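One structure is given below, encoded as structure tokens.
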Amino acid sequence: MIHVYQAGKNSQAPVLVLLHGTGGNEHDLLGLGAMISPDSAMLSVRGKVLENGMPRFFRRLAEGVFDEEDLVFRTGELKAFLDAAAAEYGLDRSNMVAVGYSNGANIAASLIFHEQESFRGAVLHHPMVPRRGLQLPELPGMPVFIGAGRNDRICPPHETEELQVLLSGAGAEVELHWENFGHQLTSTEAQAAADWFKRTFNT
Ligand code: MLT
């Protein structure tokens, strides 16, 4: 997959896997990553699907309606990419933390839903429930930060809460941060994610 890799100053700090929103690319979240964990290595990936020229991580049939077959396929593809990138760059695969926004948060959540060994933790900005009716793997103590907007029409609050319940039910420790805005990623939300990250991973 097309990506940017930036080595980190601290090899013990979690590697951030940066996953952009619809229409974004592998450069978009590098600034956010630097704010969340300045000393971490960054692996920032571009989604392979194009929707009217806009990169995404999986196809959708309409806004908020996912192409589940493609989602499952792309989730496996991302997993394989992360495994290979860890080997290529000499990274600890068990020390990767996802940082995703919108469509990128959704593929990160999908990977967490499908794979036992997905991420050490995750920062999900404005995620949705990637799939329903699935038995989640056990996620004992997995730290997850969810940033959400009370007026987000793309990821409505009830869906945020549903995701929180599903992840917590599998054992994850979910912190939910609300903004009184819509789907946009605000600087206060990014700062809250950075504060959570420092508290959680002692970076
Ligand atoms: C998605 O398709 O993943 C969500 O609707 C978020 C978006 O990318 O707009």
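The values are calculated or read from the model by the stated rules, or taken from the named source; none is laboratory data. In this text the structure is predicted, and so the values were computed from the model without any measurement. A quick note on method: Cβ atoms are made from the backbone with ideal geometry, for glycine too, and the neighbour counts reach across all protein chains shown.
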Please name all residue pairs, on different chains or six or more residues apart, with Cβ atoms under 8 Å, provided the first residue is in the stretch 175-188 and is touching a residue at least 24 places away in the same chain (Cβ under 8 Å) and hydrophobic (A, V, I, L, M, F, W, C) and the second residue is within 16 Å of the ligand (Cβ to nearest atom) and assigned to a strand (DSSP E or B). 176/146; 176/148; 178/148; 178/149; 181/149; 185/101; 185/125; 185/147
Being part of a loop (DSSP other than H, G, I, E, B) and either surrounded by fewer than 19 Cβ atoms within 10 Å (Cβ to Cβ) or of a type in the set (Val, Ile, Thr) (or both) is the filter here; which residues of the stretch 9-26 pass it? 9, 10, 11, 12, 22, 23, 25
Would you say residue 153 is surrounded by fewer than 24 Cβ atoms within 10 Å (Cβ to Cβ), within 12 Å of the ligand (Cβ to nearest atom) and more than 9 Å from the chain's Cα centre (by Cα)? yes
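For every residue, the table says whether it meets (1) more than 11 Å from the ligand (Cβ to nearest atom); (2) charged (D, E, K, R); (3) within 19 Å of residue 2 (Cα to Cα).
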| site | (1), (2), (3) |
| --- | --- |
| 79 | yes, yes, yes |
| 82 | yes, no, yes |
| 91 | yes, no, yes |
| 94 | yes, no, no |
| 109 | no, no, no |
| 113 | yes, no, no |
Criterion: assigned to a loop (DSSP other than H, G, I, E, B), aliphatic (A, V, I, L, M) and more than 20 Å from residue 31 (Cα to Cα) - qualifying residue of 176, 111, 166, 136: 136
Condition met for residue 101 (out of contact with any Asp or Glu (no Cβ under 7 Å at 6 or more places or on another chain), aromatic (Phe, Trp, Tyr) and either farther than 16 Å from residue 177 by Cβ or more than 12 Å from the ligand (Cβ to nearest atom) (or both)): no
Check whether at least one residue in the stretch 38-49 is crowded, with 21+ Cβ neighbours inside 10 Å, at pLDDT 95 or above, β-branched (Val, Ile, Thr) and within 14 Å of the ligand (Cβ to nearest atom), and report yes or no. no
Every residue in the stretch 50-71 that is in contact (Cβ under 8 Å) with a residue 60 or more places away in the chain, near the ligand (Cβ under 10 Å from one of its atoms) and not aliphatic (A, V, I, L, M), please. 63, 64, 66
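To keep it simple, each residue is scored yes or no on (1) farther than 21 Å from residue 183 by Cα; (2) touching a helix residue (DSSP H, G or I) at 6+ places or on another chain (Cβ under 8 Å).
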| site | (1), (2) |
| --- | --- |
| 19 | no, yes |
| 23 | no, no |
| 35 | no, yes |
| 48 | yes, yes |
| 51 | no, no |
| 60 | no, no |
Out of the stretch 18-40, which residues are more than 18 Å from residue 78 (Cα to Cα) and touching a Gly at 6+ places or on another chain (Cβ under 6 Å)? 39, 40
Tally time: how many residues in the stretch 87-108 are in a helix (DSSP H, G or I) and in contact (Cβ under 8 Å) with a residue 40 or more places away in the chain? 8
Within 9 Å of the chain's Cα centre (by Cα), touching a residue at least 60 places away in the same chain (Cβ under 8 Å) and either more than 10 Å from the ligand (Cβ to nearest atom) or crowded, with 24+ Cβ neighbours inside 10 Å (or both) - does that describe any residue in the stretch 124-135? yes
